[in-house]
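Engineer: I have a structure I would like to understand better, so I am pasting it below and will then ask my questions one at a time.
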Amino acid sequence: MGTVPVSVFIVVVFVSVVMRRLSFVNGAAIPSTVDGPFKPVTVPLDKSFRGHAVDLPDNDPRVQRIVTGWEPEQIFVSLSSTHDSVWISWITGEFQIGENIKELDPKTVGSVVNYGRWTFGMSKTAMGHSLVYSQLYPFKGLQNYTSGIIHHVRLTGLKPNTLYYYQCGDPSIPAMSDVHYFRTMPASGPRSYPGRIAIIGDLGLTYNTTSTIDHLMSNHPNLVLLIGDASYANLYLTNGTGADCYSCAFSDTPIHETYQPRWDYWGRFMQPLVSKVPLMMIEGNHEIEEQIEKKTFAAYSARFAFPSEESGSSSTFYYSFNAGGIHFVMLGGYADYNKSGDQYQWLKKDLAKVDRKVTPWLVATWHPPWYSTYTAHYREAECMRVAVEDLLYKYGVDIVHAYERSNRVYNYNLDPCGPVHITIGDGGNREKMAITHADEPGNCPKPSTTPDKFMGGFCAFNFTSGPASGKFCWDRQPDYSAYRESSFGHGILEVKNETHALWTWYRNQDAYGTTGDVVYIVRQPDRDVIKVNSNA
């Protein structure tokens, strides 16, 4: 997430309640949140496995351009706000990088998707829009970048839980892709859920990333949530020179450079997965990528399709969507989240419209963690927590992600009606794993070092009550921290019904199908009476 060599954390909040039932994994009964709060557990660091946090090189066949002319590449699917609509995105043409570049004309190539329920009957056609973006620097010697033509086409009128086949491109050239397929989400309802939802963060493009994606694909997910930090293009200079720690290696650069071709490499590598499994992305700090005139998030906002307009949002930084009986709220940790700002006002309206009889589960995700005990980024997002936590708590959000899972928590206190926070920022990036905890002797950071540099503000003060009263850090693993472990991997969320969801953590070093942390998250709506303060 930051400039130190650690992995980043992502907060995924799910509010859930589960009926008690006996289930087993690896021969042991699976615990549920109704058995908690759990005694804090720290899994000892496995020093024999640190992973292979080395970026894939430019000449790796998985990141090279294999299409010709205007043929589509970097194809992926993302969801709209409801089951009957999806977005298809792709890129045509080659990027340019250097001192003298000229943007491609988006009108050169059409944005067309032919689709249907059978490979021989793709009789429906949808047209969309296209754009290019540039990453420009106002300093001599830095190389500028302009993208290929990025296409986004929205398909509408789709049936729920149905397999569709599609081709994208421009049939008039002709320059069409191969036939791909995707499955729509189930219709919203209390007994209707996607089979498996994969959750990853800080993915990067390393050999660790390849292991994470291989393991993830073996679990056959129906949906993937990427909670920030995708390509790590900002760990490179514009000449392609990279480093684990940008500020350490390039302290004299006049602006924080990026090497935008890493985004194209990442899109090519991800296509085998995301051309058939919908990917939903929210921004992380590595997507900031400042350029000329202090512009930020250009690649993020251009490359991904977001259901912003469909969900009433005016920004790519925050939006919502339904997947069966789950309402997902994707929040921006790097956009104004104060109560007077647009994001907070949008969130209030979005939560007020949620019908828990139709979508019993309410899951919120964002990038900077609120309840992580790792030294890296410790209490970095405290201002966001102070501004937003009350609102999420009052509306009964169920779930919020080295790896850490919390007990149910609210305002740092154990609370049976609070959400479960899951920090999962270890998809494989080159910054390596976070391994030190703020509660260990000598590791507590100085409060002045904790605020997020991009958002500014200082809200992380000493605790005023409880075991850590008068201190900035606990002197032991906090009660709200149920389980933590430094390892690369991914999580799978399986919502079983309106009260039970199974959360499973899969570590890269384990055999395929072997589980790490496993717990049932249980909703108890009769107990957790939601009281909404209209002034929140």
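The values are calculated or read from the model by the stated rules, or taken from the named source; none is laboratory data. Computed from a predicted structure; not experimentally measured. Here the Cβ positions follow ideal geometry from the backbone for every residue, glycine too, while neighbour counts run over all protein chains shown. With ligands, DNA and RNA removed, areas are computed over all heavy atoms of the protein, side chains included. Shrake-Rupley method; radii C 1.70, N 1.55, O 1.52, S 1.80 Å.
Engineer: Restricting attention to region 456-465, which residues are out of contact with any Asp or Glu (no Cβ under 8 Å at 6 or more places or on another chain) and either open to solvent by less than 60 Å² (accessible area, probe 1.4 Å) or not in a loop (DSSP other than H, G, I, E, B) (or both)?
Structural biologist: Matches in region 456-465: GLY456, GLY457, PHE463.
Engineer: Just to be sure I understand, how many residues within region 205-242 are assigned to a loop (DSSP other than H, G, I, E, B) and open to solvent by less than 10 Å² (accessible area, probe 1.4 Å)?
Structural biologist: The first filter runs over region 205-242 and keeps only residues assigned to a loop (DSSP other than H, G, I, E, B), leaving 205, 219-222, 227-232, 237-241.
Subsequent filtering for residues that are open to solvent by less than 10 Å² (accessible area, probe 1.4 Å) retains 205, 227-232, 238.
Qualifying residue count for the region: 8.
Engineer: Identify, by number, the condition in (1) in contact with a Cys (Cβ under 6 Å, 6 or more places away or on another chain); (2) farther than 30 Å from GLY516 by Cβ that PHE458 doesn't meet.
Structural biologist: Condition (1) is where PHE458 drops out.
Engineer: I would also like to ask the following. May I ask you to list the residues in region 243-259 that are among the polar types (S, T, N, Q) and buried (at least 21 other Cβ atoms within 10 Å of the Cβ)?
Structural biologist: Restricting attention to region 243-259, the residues satisfying the condition of being among the polar types (S, T, N, Q) are 247, 251, 253, 258.
Listed by number, the list holds a single entry, THR258.
Engineer: Could you please let me know if ILE97 is over 19 Å from LEU273 (Cα atoms) and either among the hydrophobic types (A, V, I, L, M, F, W, C) or touching a helix residue (DSSP H, G or I) at 6+ places or on another chain (Cβ under 6 Å) (or both)? Don't jump to the end; show me each part of the working.
Structural biologist: Numbers: over 19 Å from LEU273 (Cα atoms): yes; either among the hydrophobic types (A, V, I, L, M, F, W, C) or touching a helix residue (DSSP H, G or I) at 6+ places or on another chain (Cβ under 6 Å) (or both): yes.
Considered against the rule, which asks whether it is over 19 Å from LEU273 (Cα atoms) and either among the hydrophobic types (A, V, I, L, M, F, W, C) or touching a helix residue (DSSP H, G or I) at 6+ places or on another chain (Cβ under 6 Å) (or both), ILE97 comes out as yes.
Engineer: Related question: Residues in region 436-455 that are surrounded by 18 or more Cβ atoms within 10 Å (Cβ to Cβ) and under 30 Å from TYR506 (Cβ atoms): how many?
Structural biologist: 4
Engineer: Moving on to the next point. For region 176-195, check the following and say yes or no: at least one residue is within 16 Å of the chain's Cα centre (by Cα) and either within 30 Å of ASN114 (Cα to Cα) or open to solvent by 30 Å² or more (accessible area, probe 1.4 Å) (or both).
Structural biologist: Step one: filter region 176-195 for residues within 16 Å of the chain's Cα centre (by Cα), giving none.
Checked region 176-195: no residue is within 16 Å of the chain's Cα centre (by Cα) and either within 30 Å of ASN114 (Cα to Cα) or open to solvent by 30 Å² or more (accessible area, probe 1.4 Å) (or both).
Engineer: Do we have ASP178 as at pLDDT below 95, assigned to a loop (DSSP other than H, G, I, E, B) and of a type in the set (Asp, Glu) here?
Structural biologist: no
Engineer: May I ask you to list pairs of residues, at least six apart or on different chains, whose Cβ atoms are under 9 Å apart, with the first in region 341-353 being over 10 Å from SER320 (Cα atoms) and among the charged types (D, E, K, R) and the second being in a helix (DSSP H, G or I) and open to solvent by less than 70 Å² (accessible area, probe 1.4 Å)?
Structural biologist: LYS348/LEU391
Engineer: What's the number of the only condition in (1) among the aromatic types (Phe, Trp, Tyr); (2) open to solvent by 30 Å² or more (accessible area, probe 1.4 Å); (3) touching a Leu at 6+ places or on another chain (Cβ under 6 Å) that TRP266 fails to meet?
Structural biologist: (2)
Engineer: For the structure I just gave you, tell me whether TYR374 is aromatic (Phe, Trp, Tyr), at pLDDT below 95 and farther than 21 Å from PRO467 by Cα.
Structural biologist: Values: aromatic (Phe, Trp, Tyr): yes; at pLDDT below 95: yes; farther than 21 Å from PRO467 by Cα: no.
Considered against the rule, which asks whether it is aromatic (Phe, Trp, Tyr), at pLDDT below 95 and farther than 21 Å from PRO467 by Cα, TYR374 comes out as no.
Engineer: Identify the residue in region 407-435 that is assigned to a loop (DSSP other than H, G, I, E, B), open to solvent by 60 Å² or more (accessible area, probe 1.4 Å) and not basic (Lys, Arg) and, among all such residues, is nearest to TRP370 (Cα to Cα). It would help to see each step written out before you state the result.
Structural biologist: At the first step, the residues of region 407-435 found to be assigned to a loop (DSSP other than H, G, I, E, B) are 411-412, 415-419, 425-435.
Remaining after also requiring open to solvent by 60 Å² or more (accessible area, probe 1.4 Å): 411, 416, 432, 435.
Subset that is not basic (Lys, Arg): 411, 416, 435.
Values: ASN411: 10, PRO416: 18, ILE435: 18 Å.
Here the answer is ASN411.
Engineer: Among the strands (runs of 3 or more DSSP E) confined wholly to region 483-523, which include 3 or more residues that are under 21 Å from the mean Cα position of the chain (by Cα) and more than 18 Å from PRO37 (Cβ to Cβ)?
Structural biologist: Numbers: elements: 489-495, 500-507, 518-522.
Those strands (runs of 3 or more DSSP E) span 489-495, 500-507.
Engineer: Does TYR145 satisfy the criteria of being assigned to a strand (DSSP E or B) and open to solvent by less than 30 Å² (accessible area, probe 1.4 Å)? Let's see the steps before the verdict.
Structural biologist: Working: assigned to a strand (DSSP E or B): yes; open to solvent by less than 30 Å² (accessible area, probe 1.4 Å): yes.
Judged against the criteria, TYR145 is a match.
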